[in-house]
1. Search region 63-79 for residues being open to solvent by 10 Å² or more (accessible area, probe 1.4 Å) and more than 24 Å from V205 (Cα to Cα), and hand back the single one that is nearest to ligand 2 (Cβ to nearest atom).
2. If M130 passes every condition in (1) away from ligand 4 (no atom under 16 Å from the Cβ); (2) modelled with pLDDT under 90 but one, which one does it miss?
3. Applying the selection to region 159-191, what residues are charged (D, E, K, R) and out of contact with any Leu (no Cβ under 6 Å at 6 or more places or on another chain)?
4. Determine the pairs where a residue that is free of Cβ contacts under 8 Å to residues at least 24 places away in the same chain and farther than 28 Å from V91 by Cα, located within region 1-21, has a partner that is open to solvent by 70 Å² or more (accessible area, probe 1.4 Å) and outside any helix (DSSP H, G or I) with Cβ atoms under 6 Å apart, the partner being 6 or more residues away or on another chain.
5. Consider V110 carefully, then state whether it is closer than 30 Å to T251 by Cβ and touching a Leu at 6+ places or on another chain (Cβ under 7 Å).
6. From the list N144, N207, N245, pick out the single residue that is open to solvent by 50 Å² or more (accessible area, probe 1.4 Å) and under 17 Å from A119 (Cα atoms).
7. Go over the candidates R99, R105, R9 one by one and state the one that is away from ligand 4 (no atom under 16 Å from the Cβ) and either surrounded by 20 or more Cβ atoms within 10 Å (Cβ to Cβ) or more than 29 Å from M246 (Cα to Cα) (or both).
Amino acid sequence: MALLLQNMRDTNPLIHNITNVVVTNFTANGLLALGASPVMAYAKEEVADMARIAGALVLNIGTLNEELVESMIVAGLSANEHGVPVLLDPVGAGATPFRTASALRILDRVKVDIVRGNAAEVAQIIGEDMQIKGVDAGETGDLNISQLAVKAAHQLNTIVAITGKEDVITDGRIGWIIENGHSLLTKVTGAGCLLTSVLGAFTAVENDRLTAGMAALAVYGVAAEMAAERKGTEGPGSFQIELLNMLFAITPDDVRQYGRVRPLDRI
Ligand code: ATP
Ligand code: TZP
Ligand code: MG
Ligand code: MG
């Protein structure tokens, strides 16, 4: 998994993002810091051409509207046709019927390789009842995140990554739990959105999407821990800057040394 980081940097994959207005700049800077090449392109007239030449396509419904959803579907179909991996971040699914319906519409029309969201978003798109407040996950209570991810992977016929204190990624058959991360990530808007794009960067260089996703989650979680440890990191502001610095500085050895990944047992 650590070597994938080097592969990704050597390849410098183009990541086509159709994302939300809150996180656009942070996502572009995060991908650049890590060693990928971001592009944001939304016009219906160009998204098919951009998706075709990209290493991965990331669809994010954070500030969606009808036109944007149509662009996402056009881009997604082009990516599917040309073997480009597609990732979906169903930001705020469940918060409004339009969000849920749009996420489901994309999943219905486009073959999505990885869905990455918080527990509430994933629960909502598979019709499980769980609280969501705006774009943030509510209380997860006794909910078993691994079981939810497995169920979602089966129901959506895709790999599902659910993030939170611990992250889980599964294809419904096998999977991984990633223990890395830091609570300051919850205080930086776009930390989840950038992560979905980072998952995209790893799928661009590894055909085994589950392995790519697991590596991306570990790299991101370790980088966040390194950022929180940095001298001068006192709160979300300096942490956000240090996260960019650590996405740039993190080495395969750091991932080997600090990554805490365990297999999902008994699915
Ligand atoms: P939300 O809107 O619920 O915050 P999100 O889309 O921002 O969701 P997160 O679940 O916050 O996505 O995941 C983004 C990153 O933050 C992941 O690397 C995850 O491991 C990490 N993370 C989230 N919560 C915690 C936590 N309490 N402790 C450590 N890491 C966390
Ligand atoms: N509102 C619409 S999209 C968005 C907000 C605050 C960003 C959500 O980003 P993340 O990564 O899910 O925290
Ligand atoms: Mg978060
Ligand atoms: Mg999110």
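1. T63
2. (1)
3. Correct list: K165, E166, R173, E179, K187.
4. The qualifying pairs do not exist here.
5. No: the conditions fail for V110.
6. N144
7. Numbers: R99 fails: away from ligand 4 (no atom under 16 Å from the Cβ); R9 fails: either surrounded by 20 or more Cβ atoms within 10 Å (Cβ to Cβ) or more than 29 Å from M246 (Cα to Cα) (or both).
Unique residue meeting the criteria: R105.
For every residue, the table says whether it meets (1) near ligand 1 (Cβ under 7 Å from one of its atoms); (2) touching a Cys at 6+ places or on another chain (Cβ under 9 Å); (3) open to solvent by 10 Å² or more (accessible area, probe 1.4 Å).
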| residue | (1), (2), (3) |
| --- | --- |
| A161 | no, no, no |
| G164 | yes, no, yes |
| D171 | no, no, yes |
| H182 | yes, no, yes |
| T186 | yes, no, yes |
| T196 | no, no, no |
| T203 | no, no, no |
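The values are calculated or read from the model by the stated rules, or taken from the named source; none is laboratory data. What you see is a predicted model, and the numbers here were worked out from it, not measured in a lab. Every residue, glycine as well, gets a Cβ built from its backbone with ideal geometry; the counts of neighbours run over all protein chains shown. For accessibility, only protein heavy atoms count, side chains too; no ligands or nucleic acids. Shrake-Rupley method; radii C 1.70, N 1.55, O 1.52, S 1.80 Å.
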